[in-house]
Structure formats: structure tokens, C-alpha cells
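Okay, structure first, notes after.
The values are calculated or read from the model by the stated rules, or taken from the named source; none is laboratory data. Fair warning: this is a prediction, and the values are worked out from it, not measured in the lab. Glycine also receives a Cβ, built like all others from the backbone with ideal geometry; neighbour counts cover every protein chain displayed.
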Ligand SMILES: [Zn+2]
């Protein structure tokens, strides 16, 4: 675990303190250099490996150790932004899975946790009143980071960003805007509206789409799509493929756009739902 985390996140931030798991009656809690550990050396979450997508690892050791980077080293200024601790830490569980297995297994691990997301309340809470946002900050936070990875679509750059965040902000306090600014600079993209939709609203983006006959004489299919979002000007790209064909990237906006395809049934159009955390709405 430590080898994986140090590879992806940089050196353990507290070697001066050391690293310890301290057995406690409580299940688990991050404390700098002395993690409260009560998983009783069972696999998964207190013996439940359904929670870890069938993986046998000790969830409490992996998750609470992830907090040494996210929470104990990089800390949020206001607990309204607690997703910086829990979202990145939950995402680090998948880093461990990717390090031991491969990207596909890690993406599956992240998507396995969709069932725990409520999408009823925003992840970011109200600022300045000591109030956390929704518990979705864990699983949805991780699904959001996975979505950004697929938007960036360059794993080398993605891992430089993750490593960079934990090292450039080592032992410091940050807020959501610091994370957005950092990612905008490193990617050259404008990610503000994507962060806003996923973190400041309960709803995830809905991709409305339809596939219709182009016109009476023409046998082609007109494939149309648009985003339905709370944020105006939402600009997340998307990938689709017809049946098992090649992935094609499109740039949906809040306005309808169309492309002409060879005769295609709407049911044969597949979207990258493992790479992007979205809802689909076939019109
Ligand atoms: Zn946590």
C-alpha cells in the first residue's frame, strides 16, 4: 500500500512522525501518524467485501491511510469543502486497486460504488458556518474525479496532476477554488462549470439524445444530443460508440447538436458510462 501511494501521491507526508495503526474499539479514523484502527484485520469494510467491490483488502487501512495525503497533509480551509479530504481519499482507494491490478479494474471499483450515491444534496456545504455538505462527497467525489480523468484523456498528465496536488499543496490548507485553479492551469481546460455542476448541485448532468431518420429519402440517421444541467454553458465532452465500434468524442453543450450517422438504431448507441458519471435520457 505504502509503495503504491508513494508512487502515485508522492512521499508519505509524515515520516518525521512515523506511521502507526493504533488498535481501537472504533472502526477507523484518520489521525496524523497514528490511525485509529478497529477493522479487526477483516477483509473489506468490517468483513463486508461487497463494499470493496469484491476486493479482499482491508478497507480501513487503505482508506484511513489515504487521509495522510488527503486531509492530514492537504487540508480544507472550511469543512464545506470536506470533499477535498473524502473525495480524493475515496479516489485513492481506486489508486491502490489500479496499482495492484490495472486501470479497468480501478474504474470498475469506482463505478461499483454508484449505488451509494444519493444525488439529493450538494457535495459542497454552506461556507462559513461549520457545516459539511452531502455524504455523497465520498463516492460521488471519486466518480467525479474519474470523470475528470476521462475528460483530460491523458493518463500521464492526469497522474502528474494528482501527484502535483498532493505535493504542491503538501502540509497546507486549500479550498475548492484552489483545486479548480490548479487543474485549469495544468490541463489548459476551463473546468469551473464541470466542478460547479458536480459539487454545487445535487443533480448529475443528463445527456438527452435521440436518433431519427435524417429525412424521408435519406437512409442516414440523425444523432442529436445536448446536456441538461443546472449550470449554464456546461461543457463536459462525452464518448459514444455504435455497438462495439470505435469510441468517438463529442462536445455536447446545452443546445441541440446533430451528426449524421449510417443507419443506426438508438439502442445501438452506447455512451462511456464507466468513464463519465452521467445520466442518459433517450428522447
Ligand atoms: Zn474518510
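Given the condition within 17 Å of residue 273 (Cα to Cα) and either in the same structural domain as residue 260 (by TED's automatic domain parsing) or touching a helix residue (DSSP H, G or I) at 6+ places or on another chain (Cβ under 9 Å) (or both), answer yes or no: does some residue in region 177-193 qualify? Walk me through how you get there before you give the answer.
Initially, region 177-193 is screened for residues within 17 Å of residue 273 (Cα to Cα), giving none.
No: zero hits.
Considering 51, 19, 37, which residue is in contact with a strand residue (DSSP E or B) (Cβ under 6 Å, 6 or more places away or on another chain) and modelled with pLDDT of 95 or more?
Working: 51 fails: modelled with pLDDT of 95 or more; 19 fails: in contact with a strand residue (DSSP E or B) (Cβ under 6 Å, 6 or more places away or on another chain).
Just one listed residue meets the conditions, 37.
Hey, can you tell me all the residues within region 40-81 that are within 16 Å of the ligand (Cβ to nearest atom) and over 25 Å from residue 134 (Cβ atoms)? If you could, list the steps in order and put the result at the bottom.
Taking region 40-81 as the starting set, the residues that turn out to be within 16 Å of the ligand (Cβ to nearest atom) are 44-46, 51-52, 57-76, 79, 81.
Correct list: 57, 58, 61.
Mind checking which residues of region 240-283 are within 17 Å of the chain's Cα centre (by Cα) and either within 30 Å of residue 217 (Cα to Cα) or part of a strand (DSSP E or B) (or both)? Break it down into steps so the answer makes sense when it comes.
Going through region 240-283, the residues within 17 Å of the chain's Cα centre (by Cα) turn out to be 272-279.
The answer is 279, and nothing else.
Would you check which residues across region 213-223 are over 33 Å from the mean Cα position of the chain (by Cα) and either over 20 Å from residue 270 (Cβ atoms) or in a strand (DSSP E or B) (or both) and list them?
Residues of region 213-223 that are over 33 Å from the mean Cα position of the chain (by Cα), as a first pass: 213-221.
The answer is 213, 214, 215, 216, 217, 218, 219, 221.
I'd like to know if region 24-31 contains one or more residues that are in contact (Cβ under 8 Å) with a residue 40 or more places away in the chain, within 16 Å of the ligand (Cβ to nearest atom) and not in a loop (DSSP other than H, G, I, E, B).
No; the residues of region 24-31 include none that is in contact (Cβ under 8 Å) with a residue 40 or more places away in the chain, within 16 Å of the ligand (Cβ to nearest atom) and not in a loop (DSSP other than H, G, I, E, B).
Quick one: how many residues across region 211-246 are within 13 Å of residue 263 (Cα to Cα), touching a helix residue (DSSP H, G or I) at 6+ places or on another chain (Cβ under 7 Å) and surrounded by 17 or more Cβ atoms within 10 Å (Cβ to Cβ)?
2
Return a yes/no flag: does region 91-102 have any residue that is surrounded by fewer than 24 Cβ atoms within 10 Å (Cβ to Cβ), modelled with pLDDT under 95 and within 16 Å of the ligand (Cβ to nearest atom).
Within region 91-102, none of the residues are surrounded by fewer than 24 Cβ atoms within 10 Å (Cβ to Cβ), modelled with pLDDT under 95 and within 16 Å of the ligand (Cβ to nearest atom).
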